Amino acid sequence: MDFNLKVEQTVQKWSIALVIFTILAIIVCTLFPFAFSLSEIKGLGRIIHNITFITSRKDIVGNLLLFFPLGFGLMGIKSQGKPDTKILLSLAFCSLLSVSVEVLQLLLPERSSSVVDVLLNTGGGLIGIWLFKQWGPPLIIQTDKILKQYLSIRNLSLLFITYTLITLFFAATGITINNWRAKFPLAIGNDPTGSLPWQGKISDVWMSNQALESKDIKSILKGQSPLTVAKEHLINEDKRSNTRDRSIIYNLQS
């Protein structure tokens, strides 16, 4: 096989895989938990009100990181058009996907749509396009060689076993109130920034020092008092207010 043809096929193969993986990652990261609700759409005025022009520093980095692989991969897919046309089409695809995501986020109570996010996502795609123009094919070929050399069945098995052991370790140790970071807020209902309005009513909150078993949670949701189901796990009484701090189990009434 001609060397140039082999290089072209390798670049094409990995670029298609990168585009598919990136699109799936974007969908999961931006639309999870996929709890779409048409009740969130209450007229054009409400839609415009829900669109913001602000974003956080974390979102700036996240948006750029999410979309630059997409722009990179799109440039590696073979097409018959001119190079400049390919750049414009790749950039247009990144923008269209970003707009689609932001529109769908209007149907998610947990999400907020921002015009700035569209610009950042498009900028991330543009960075990916530039990176491909600079180092795309050589980088893909080198990556392909490394993966073929090291990702054998044996190495993949060891990697999977290591990942499983690490996951089991953290699952076994668990996360409790005792190792909660003081700088990390515990928010119930609305988020600490106030940028994601939550409509509902919190009637009762109980604080526990560990996660309860599913059967105990079901009993509480059926009306049984946490004092009888999980009394030994409830946090001690607050002497200052003479009321008991209550735990992560809470009853929400919309």
Taking 51 Å as R0, compute the FRET efficiency from the Cβ-Cβ separation of Leu131 and Ser225 and round it to 0.05. 0.30
Between their Cα atoms, which of Lys86/Lys145; Lys13/Lys148; Lys201/Lys222 are more than 22 Å away from each other? Lys86/Lys145
Ratio Rg/Rh [Cα only; Rh per Kirkwood] for the stretch 77-139: 1.09
Over 25 Å between alpha carbons, listed pairs Lys82/Lys133; Lys6/Lys78; Lys58/Lys82: Lys58/Lys82
How much accessible area does Asp117 have with a 1.4 Å probe, in Å² rounded to the nearest 10? 20
Go ahead and run the numbers for FRET between Asp59 and Asn4, Cβ-Cβ distance against an R0 of 30 Å, rounding to 0.05. 0.15
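The values are calculated or read from the model by the stated rules, or taken from the named source; none is laboratory data. Here the structure is a predicted model, which is why all the values come from computation and not from measurement. Ideal geometry is used to build each Cβ from the backbone, glycine not excepted, and the neighbour counts take in all protein chains shown. The area values use the complete protein model at the heavy-atom level, side chains included, leaving out ligands, DNA and RNA. Shrake-Rupley method; radii C 1.70, N 1.55, O 1.52, S 1.80 Å.
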